[in-house]
Amino acid sequence: MSQNIASWRNPVSAKLIATLLLVVAASAVAAPKAGKPNAPGKYAKVNGLELYYEIHGSGRPLILLHGGLGSSGMFGENLRALAKHRQVIAVDLQGHGRTADIDRPLSVELMADDIAALIKHLKLERADVMGYSLGGGVAILTAIRHPAVVNKVVAISAVIRRSAYHPEILAQQGEVNEGALEMMKQTPMYQGYVAIAPRPQDFGRLLTKIGEAMKQDFDFSKQVAQIQAPVLVMAADSDLFPPSHAVEVFGLLGGGKRDGGWDGSGRPKSALAILPGLTHYNIFADPRIVTTALPFLDEAAR
């Protein structure tokens, strides 16, 4: 379980793993030992799903969303650090972790609808939403599709158009499907999944759905420009996309248009953070995502 994906040396395996990492946390994380019967969280019936969530800490609500092929447990110490300041509602998205899949595509739009429904299920007026990779996309789409329930957004390592990925990443997309199941059985992603999934046999189905999702073109630029909620755009300096894409998103949100002023009065309500020395595959575990996000979340609305 402690094996890191980076230790894979077979060229074919390495290429496929790189593709999977478009939406997955690749760092080695110990698989949870508890299955559904012993799960510490609860299930909300929303949009045909039994959506799994856990609540940690107290205070203002913060929805926390994981990356593809991961689960809420992937945030580890960062989840616990956030819970010292907030009521963290950590969710397992459709087909991931302890949330069983249903007969519909994996799409950020539909998963955003699930998050909005969960916020209403929990009888919260509004919540902040923080997500990484796939979860970052879901966080952004929640603000686009359901602005009335979103207070602030923290989007980590998320793209808003498919063409923003580096060319080599785009070239690898679409290669993921159930045919990779046997190889994947040796990875921490598979082992973590079968340890907690209600239907462990669905992992191949999840691979196919993620592969299908990665083939789809998308561009949410126009919708992002209409977001009213403050958004913290966060990325690694060596992410799946160039830092310029994060700057582009920040610009669509009103950032970088003028001098902020000596008193900060010219700052936009959204913010940008490029974290140095990180990649897509370790940013989610770096403590700086917490120390960067909390001041933004705690700041009074501008």
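In segment 130-172, the C-alpha radius of gyration followed by the widest Cα-Cα span (Dmax) gives 12.0, 38 angstrom. Normalised by residue count, segment 88-173 yields a Cα convex hull volume of 109 Å³ per residue. Backbone amide hydrogens, once placed in the peptide plane, bring L275 within less than 5 Å of A235, A236, D237, excluding anything fewer than 5 places away on its chain. Counting only Cα atoms, segment 180-248 measures 41, 24, 23 Å along its principal axes, largest extent leading.
Which GluC sites (Glu not before Pro) from segment 161-234 combine a DSSP loop assignment with at most 16 other Cβ atoms within 10 Å?
Passing both the DSSP loop test and the Cβ count: E175.
A straight line joining the Cα centroids of segment 187-202 and segment 150-165 runs 27 Å.
So what is log10(I(q)/I(0)) for segment 39-150 at q = 0.11, 0.13, 0.17 1/Å, when the Debye sum runs over its Cα atoms only? Here log10 of I(q) over I(0) equals -0.28, -0.40, -0.71.
The ratio of the alpha-carbon radius of gyration of segment 103-153 to the globular-protein estimate 2.2 N^0.38 Å is 1.04.
In this structure, K257 and R126 have a Cβ-Cβ separation that, at R0 = 25 Å, corresponds to a calculated FRET efficiency of about 0.40. Calculated FRET efficiency, F218 to R288, Cβ-Cβ distance, R0 = 35 Å: about 0.80 to the nearest 0.05. To the nearest 0.05, what FRET efficiency results for Q228 and Q201 with a Förster distance of 45 Å applied to their C-beta separation? The value I calculate is 0.60. Once backbone amide H atoms are built at 1.01 Å from N, E50 has A100 as its partners under 5 Å, excluding neighbours fewer than 5 places away on the same chain. The tail of the calculated P(r) for segment 238-302 beyond 13 Å holds 69 percent of all Cα-Cα pairs. Using every pair of separate Cα atoms, the Kirkwood estimate puts the hydrodynamic radius of segment 160-302 at 17.8 angstrom.
Modelled this way, with points 7 Å down the Cα-to-C-beta line, the labels at K269 and V194 are 4.8 nm from one another. Surface exposure of the chain, expressed per residue as accessible area with a 1.4 Å probe, stands at 43 Å². Computed over all pairs of different Cα atoms, the Kirkwood value for the hydrodynamic radius of the chain is 19.2 Å.
The values are calculated or read from the model by the stated rules, or taken from the named source; none is laboratory data. This is a predicted model, so every value here is computed, not measured. For neighbour counting, all protein chains shown are included, and Cβ atoms are generated from backbone atoms with ideal geometry for every residue, glycine included. For the accessible areas, the whole protein counts, side chains as well, though only heavy atoms, and no ligand, DNA or RNA atoms are used. Shrake-Rupley method; radii C 1.70, N 1.55, O 1.52, S 1.80 Å.
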